[in-house]
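Q: I'd like to ask some things about the structure below.
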Amino acid sequence: MKFSFTQAARYTALVLLVLAGAVLLVAGGVRYLPARGEMPAEVRHLPVYAAWSFLRMLIAYFFALAFSIPYGFLAATNKRAEKVLLPLLDILQSVPVLGFFPAAVFFFVSLTHGSRLGVEMASIFLIFTSQAWNIAFGCYEALTTIPQDSFDALASQGVHGWQRFRILYLPACVPKLVYNSILSWAGGWYFLIACEIISIGPTEAALPGLGSFLKRAAAEGRVGLTLTGIAVLIAIVVAMHLFIWRPLESWSEKFRYEFAASTVAPSRLLVFYRELRLVAYIGRTARRLAAYVARQKIRLFPPRQVIADLEALPPLWRRIVGRTIGILASACALYILVRAGMALVVVLRPPWPHQAWMIPAALGASFLRLLVAYILALAWTIPVAVWAGNRPRAMRIVGPFAQIASSVPATSLFPLIVMFAIHHRGGTNIAAVLLVLTGMQWYILFNLLAGVHAIPGDLKEATRSLGLTGWRAFKTLTLPAMLPSLITGSITGWGGGWNALILSEYLPYAGKVYSVLGIGTLLQEATVPPGNQAMMVLSLVAMVVVILLLNRFFWRRMYNWAADLYKIEY
Amino acid sequence: MPIEPLPSTGISKVLGLCEILDDHQGKEDVYRLAQDLHMPFGELLLVIKGAEMLGMVETPGGDAVLTPLGKRALESSMNEKKALLRQAMLKLKVFQHVLKLLENAQENEVPAEVILEELAVLLPQEQPRQLFTTLLNWGRYGEIFGYSRDTDQFYLQKPEKTP
Amino acid sequence: MPAIIELEHITKIYPRPEGESQILADVSLEVMDGEVLAVVGPSGCGKSTLLRIIHGLIPPSAGVVRFAGRAQDGINLSCGMVFQSFALLPWLTVEQNVMVGLEARGLDDETCRKRAMKYIDKVGLDGNEEAYPRELSGGMKQRVGLARALAVEPKVLLMDEPFSALDALTSINLREELIDLWGDPALPVDTIVIVTHLIEEAVELADRIVVLASNPGRIVESIKVELPRPRERKSPEFSALVDRVFSLIV
Ligand SMILES: Nc1ncnc2c1ncn2[C@@H]1O[C@H](COP(=O)(O)OP(=O)(O)O)[C@@H](O)[C@H]1O
Ligand SMILES: [Mg+2]
């Protein structure tokens, strides 16, 4: 049975093929590739750098998918696994990219003795950490909102195992998968700067890529070069948006449960693609080939059989197999935990470094910066969301614009911000707040737009017919109705803000470092060669604990309160 | 003669109406019917209009009256019923028009957009989207034409299978 | 007529934060081979729960379900079920939705397609094979639900308020067509258990009506419907029976 997964897969494959072709063409310029160790930031290297970065993002993304779908699936379908996996995901999401550095270095770099391949793997792993959690959450959410009747109907028909995964779980994930993938790619680009330069003990390994290019250009204070780099990045982001995300979004509408009219306008490109004769021809040939392969009884991927066999086992055996796998997995997890714990104990053995006493003050200062950025973000996103959310045309412009803007690693803009700010008192602080803002505001905007857009039309009309306009209408209808999405947006926005913090408080610019007291600075300083592991771990743990406490005791309560009070049920 | 638009209602409702009228000895006041069925009056009117266009019901002076054709549809088997309705639909101008368009098209199929534009030209006062949906639903029931969302093509159904 | 389904002292208890709540209390019931049994009762009295226990979709807390004399454990694939919400997968076409259960039974593609077409044809859906559920009206959607349940050729058809989500005209049309279908000797299914909260629907369709009371759900009465078919909805006998069942519910 096909339900046009093939179609989407073919389309994506085609686009990727074209992109890969472009990469190959560009890689013809490989002779420009600098020798290992030196990474000149020059315009003629840009295409090669861009190609490398894209490739890294792509590989990381496939790993993120391969990780997230089973993870979300397990969390959503197994009550016991859910109790462990969900809080774990919460923690993973609140660890900033820098927090994964030690793991990346330990697993990939030291195991491969610092070879280029090892550094590449470490970098891809770091990008992965900025993409994966969000997709896993999306999967989990999509699977837990499948109507009970769908399960019952399939059970009634005798559908189970692999077939159920194929026709129910996987399709039900598609819309969330696509939407969260867009966010994940944006996050990946944003943190690229942090992912392509890896400090290993006393040295630093820089990979050829857009991220390292931007960082280098900024550190050298070359504004023109920075802007060129950003322009290339934006071009890639826009191209992906036009050729991949919009068509996929339009296609994913098919997998939505609610039978309401769609909010996504059909993508011209997808329609165009369907009409392409060549594509139809390739598709037909591929199908014939697949049919041929199937006739030859060559089963490249036999999960259906494997699962059927497993399910055919007598219950006792099935239980034994299941238990064994469970025990082995738990043993592995336990081993890793114990090793990590032992390493922690070693690192954290007193005496603690004297900077450790700065952690509370640093956390406080960082928190204040986030708060200021948050207020600034609200000040502009709420009016924009209210304005655009009620106007479908404006939505169609603001939405994609925000998606693109959110991908720009604003940290690379800091030469401009710094140039402007340094000459003032407290300039570094202003720069830090502005940079945090860039990591925070888009999440809030996305959620607010969705929230305003979802307010039922007749409620808006009722408000208008009662003669409420302007501020009054906002206070009576719009604000309460968008409160739940405001809080969801705030939660993700603060998450993004904490993450951006580590790139915002410590600014190497034109050969000098501008920094302010904050947890981000402490973290960054701990990674500066020769590195200070104890400080790194201490500040990281302190930060994660604060984030988790805030989430548990503030945001979650806010959310429950708002959802209870202001949810519009139809 | 001007082309009449299809009222946006479904075949199941039309058949249900015939069934109800049959319960009432083939004749009932439209206003009473709406009350009995707890149905919005406007919606019932659309159903009656549809039934009338298909020749299953007549509406002399505020009543709805089951025609012999309507009665026959109720008593036929599923496939005979579908054949009857198909005949009735083919007498309608809109169907004839779209049918001709499809017959002249290459491989008897056209993109849905062509049909939408055609409807917009034929019946400028109507909402083309809504009309498209009704036309498609009726046409599918009568096995006159079909539409595939995957290819976005509107096509002529070939009368191949006889059960 | 032998019993095809026997429920013996079925009890269902759900845990609640404020203590357990008993949904069904000691329900014993026999469904005869070849009969149409209607289950009526106020909303929330456990009709859907009872139907799902018969099917084996949820286990009873106590008691036994027998199918053709054998105690049943797990889902009974000799039943087909029709849902109030239609429960179609929005990303599959009509044909694919109907084929779902046939694929699960490991039939080859050709057989699946043929069988699906046969039942699509029987419910009057031919011409709609390529449609997606969201393109269809409620009546057409429920025909897909019916074709899907029939396609696996079950011994017993279970229907959970199949016409409740439809408007009055559509539900009358579907009800009549269901009666026609049931009279078709070529159809393998001849036993139907239909849950409804419309008493007229029960009186029109059923050979026997079981009336449930709530808190906890239990059987108050089982009434044989002796009216000749086809049944006249306007006849005095019909109305009298409707009134009698109504008085048992309130
Ligand atoms: N999974 C469940 N957990 C707890 N209570 C349930 C569950 N399913 C149903 N109930 C409760 O059981 C009662 C009967 O439900 P149901 O069988 O759907 O009633 P009916 O179909 O007669 O309207 C209801 O009060 C409902 O709240
Ligand atoms: Mg129910």
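Q: Do any helices (runs of 4 or more DSSP H) lying entirely in the stretch A:417-535 carry at least 2 residues that are within 27 Å of the chain's Cα centre (by Cα), and which ones are they?
A: A:427-453, A:479-504, A:519-527
Q: Here's a follow-up. Select, from A:R164, A:R116, the only residue that is open to solvent by 10 Å² or more (accessible area, probe 1.4 Å), within 14 Å of chain C (Cβ to nearest Cβ) and over 15 Å from the mean Cα position of the chain (by Cα).
A: Within the list A:R164, A:R116, the selection yields A:R164.
Q: Right, something else. Considering only the stretch A:468-487, I want to know if a residue exists there that is assigned by TED's automatic domain parsing to the domain that holds A:G451, in contact with a strand residue (DSSP E or B) (Cβ under 7 Å, 6 or more places away or on another chain) and among the charged types (D, E, K, R).
A: No: the stretch A:468-487 contains no residue that is assigned by TED's automatic domain parsing to the domain that holds A:G451, in contact with a strand residue (DSSP E or B) (Cβ under 7 Å, 6 or more places away or on another chain) and among the charged types (D, E, K, R).
Q: So the check is Cβ under 7 Å with 6+ separation or different chains; which pairs have a first residue in the stretch C:49-71 that's under 20 Å from C:S21 (Cα atoms) and within 14 Å of chain A (Cβ to nearest Cβ) and a second one that's more than 16 Å from ligand 2 (Cβ to nearest atom) and part of a helix (DSSP H, G or I)?
A: C:L57/A:A155
Q: Would you please name the residue that is farthest from ligand 1 (Cβ to nearest atom), looking only at residues in the stretch C:28-41 that are surrounded by 15 or more Cβ atoms within 10 Å (Cβ to Cβ) and farther than 21 Å from C:L178 by Cα?
A: My answer is C:E30.
Q: Give me the residue from the stretch C:223-238 that is surrounded by fewer than 16 Cβ atoms within 10 Å (Cβ to Cβ) and either free of Cβ contacts under 8 Å to residues at least 24 places away in the same chain or within 16 Å of ligand 2 (Cβ to nearest atom) (or both) and, out of that set, farthest from the other protein chains (Cβ to nearest Cβ).
A: Within the stretch C:223-238, the match that is farthest from the other protein chains (Cβ to nearest Cβ) is C:K224.
Q: When residues of the stretch C:123-166 are filtered for being on the phi > 0 side of the Ramachandran plot and away from ligand 1 (no atom under 16 Å from the Cβ), how many remain?
A: 3
Q: Please identify the pairs in which a residue from the stretch C:150-178 that is of a type in the set (S, T, Y) has its Cβ atom under 6 Å from the Cβ atom of a residue that is surrounded by 21 or more Cβ atoms within 10 Å (Cβ to Cβ), counting only partners at least 6 apart or on another chain.
A: Pairs that qualify, where the first residue is of a type in the set (S, T, Y) and the partner is surrounded by 21 or more Cβ atoms within 10 Å (Cβ to Cβ), are C:T170/B:S12; C:T170/B:K13; C:T170/B:G16; C:T170/C:G139; C:S171/C:F163.
Q: Could you check, for the stretch A:505-521, whether at least one of its residues is in the same structural domain as A:I359 (by TED's automatic domain parsing), free of Cβ contacts under 8 Å to residues at least 24 places away in the same chain and surrounded by 22 or more Cβ atoms within 10 Å (Cβ to Cβ)?
A: yes
Q: Here is a further query. Please specify each residue of the stretch A:55-91 satisfying the condition of being among the aliphatic types (A, V, I, L, M), open to solvent by less than 30 Å² (accessible area, probe 1.4 Å) and more than 18 Å from A:L177 (Cα to Cα).
A: A:A81, A:L85
Q: Which condition number in (1) within 23 Å of A:I234 (Cα to Cα); (2) in contact with a strand residue (DSSP E or B) (Cβ under 9 Å, 6 or more places away or on another chain); (3) modelled with pLDDT under 75 is the one that A:I422 fails?
A: (1)
Q: Sort through C:Q96, C:Q22, C:Q72 and tell me the only one that's touching a strand residue (DSSP E or B) at 6+ places or on another chain (Cβ under 9 Å) and more than 25 Å from C:F246 (Cα to Cα).
A: Step by step, each of C:Q96, C:Q22, C:Q72 is checked, and only C:Q72 is touching a strand residue (DSSP E or B) at 6+ places or on another chain (Cβ under 9 Å) and more than 25 Å from C:F246 (Cα to Cα).
Q: Condition check: under 28 Å from B:Q25 (Cα atoms) and more than 11 Å from every other protein chain (Cβ to nearest Cβ). Does C:L205 satisfy that?
A: Considered against the rule, which asks whether it is under 28 Å from B:Q25 (Cα atoms) and more than 11 Å from every other protein chain (Cβ to nearest Cβ), C:L205 comes out as yes.
Q: OK, next. Of the residues C:G127, C:G138, only one is more than 12 Å from chain A (Cβ to nearest Cβ), open to solvent by less than 50 Å² (accessible area, probe 1.4 Å) and closer than 21 Å to C:N173 by Cα; which?
A: From the options C:G127, C:G138, the qualifying one is C:G127.
Q: Okay, moving on. Does C:G74 satisfy the condition of being touching a residue at least 60 places away in the same chain (Cβ under 8 Å), of a type outside the set (S, T, N, Q) and either within 9 Å of chain A (Cβ to nearest Cβ) or surrounded by fewer than 23 Cβ atoms within 10 Å (Cβ to Cβ) (or both)?
A: no
Q: Sticking with this one: Tell me whether the stretch C:83-98 contains one or more residues that are within 16 Å of ligand 1 (Cβ to nearest atom), under 23 Å from C:S214 (Cα atoms) and either open to solvent by less than 20 Å² (accessible area, probe 1.4 Å) or more than 10 Å from chain A (Cβ to nearest Cβ) (or both).
A: Within the stretch C:83-98, one or more residues are within 16 Å of ligand 1 (Cβ to nearest atom), under 23 Å from C:S214 (Cα atoms) and either open to solvent by less than 20 Å² (accessible area, probe 1.4 Å) or more than 10 Å from chain A (Cβ to nearest Cβ) (or both).
Q: Among the listed residues B:F145, B:F95, which satisfies the condition of being away from every other protein chain (no Cβ under 13 Å) and within 15 Å of C:G127 (Cβ to Cβ)?
A: Among B:F145, B:F95, only B:F95 is away from every other protein chain (no Cβ under 13 Å) and within 15 Å of C:G127 (Cβ to Cβ).
Q: Here is a further query. Identify, from the list C:I192, C:I199, the residue that is more than 14 Å from chain B (Cβ to nearest Cβ) and within 16 Å of ligand 1 (Cβ to nearest atom).
A: C:I199
Q: For the stretch C:154-191, how many residues are assigned to a strand (DSSP E or B) and either open to solvent by 10 Å² or more (accessible area, probe 1.4 Å) or within 16 Å of ligand 2 (Cβ to nearest atom) (or both)?
A: Within the stretch C:154-191, residues that are assigned to a strand (DSSP E or B) and either open to solvent by 10 Å² or more (accessible area, probe 1.4 Å) or within 16 Å of ligand 2 (Cβ to nearest atom) (or both) number 3.
Q: Take B:K71 and decide whether it is open to solvent by 50 Å² or more (accessible area, probe 1.4 Å), touching a residue at least 40 places away in the same chain (Cβ under 8 Å), part of a helix (DSSP H, G or I) and more than 10 Å from chain C (Cβ to nearest Cβ).
A: Yes.
Q: Does A:C139 qualify as being open to solvent by less than 10 Å² (accessible area, probe 1.4 Å), touching a residue at least 60 places away in the same chain (Cβ under 8 Å) and either outside any helix (DSSP H, G or I) or within 14 Å of chain C (Cβ to nearest Cβ) (or both)?
A: Considered against the rule, which asks whether it is open to solvent by less than 10 Å² (accessible area, probe 1.4 Å), touching a residue at least 60 places away in the same chain (Cβ under 8 Å) and either outside any helix (DSSP H, G or I) or within 14 Å of chain C (Cβ to nearest Cβ) (or both), A:C139 comes out as no.
Q: Let me ask something additional. Just name the residue that is nearest to C:V40 (Cα to Cα) out of those in the stretch C:141-153 that are touching a strand residue (DSSP E or B) at 6+ places or on another chain (Cβ under 6 Å) and open to solvent by 10 Å² or more (accessible area, probe 1.4 Å).
A: The selected residue is C:L146.
Q: Please work out which one of (1) under 15 Å from the mean Cα position of the chain (by Cα); (2) facing chain B (nearest Cβ under 10 Å); (3) within 18 Å of B:T9 (Cβ to Cβ) is the condition C:A168 fails and give its number.
A: Tallying (1) under 15 Å from the mean Cα position of the chain (by Cα); (2) facing chain B (nearest Cβ under 10 Å); (3) within 18 Å of B:T9 (Cβ to Cβ), C:A168 fails exactly one: (1).
Q: Filter the stretch B:109-163 down to residues that are under 16 Å from the mean Cα position of the chain (by Cα), free of Cβ contacts under 8 Å to residues at least 24 places away in the same chain and open to solvent by 70 Å² or more (accessible area, probe 1.4 Å), then give me how many there are.
A: The total comes to 1.
Q: Determine whether the stretch C:131-148 contains at least one residue that is touching a residue at least 24 places away in the same chain (Cβ under 8 Å), in contact with a His (Cβ under 9 Å, 6 or more places away or on another chain), within 16 Å of ligand 2 (Cβ to nearest atom) and not polar (S, T, N, Q).
A: no
Q: If you go through the stretch C:48-57 one residue at a time, do you hit one that is surrounded by 18 or more Cβ atoms within 10 Å (Cβ to Cβ) and in a loop (DSSP other than H, G, I, E, B)?
A: Taking every residue of the stretch C:48-57 in turn, at least one turns out to be surrounded by 18 or more Cβ atoms within 10 Å (Cβ to Cβ) and in a loop (DSSP other than H, G, I, E, B).
Q: Condition check: open to solvent by 20 Å² or more (accessible area, probe 1.4 Å), within 13 Å of ligand 1 (Cβ to nearest atom) and within 30 Å of B:D150 (Cβ to Cβ). Does C:S61 satisfy that?
A: Spelling it out, it is not the case that C:S61 is open to solvent by 20 Å² or more (accessible area, probe 1.4 Å), within 13 Å of ligand 1 (Cβ to nearest atom) and within 30 Å of B:D150 (Cβ to Cβ).
The values are calculated or read from the model by the stated rules, or taken from the named source; none is laboratory data. All values derive from a computational prediction rather than experimental measurement. As a convention, Cβ positions derive from the backbone with ideal geometry for all residues, glycine included, and neighbour counts pool all protein chains shown. Each accessible area value is taken on the protein alone, full model and side chains, heavy atoms only, with ligands, DNA and RNA left out. Shrake-Rupley method; radii C 1.70, N 1.55, O 1.52, S 1.80 Å.
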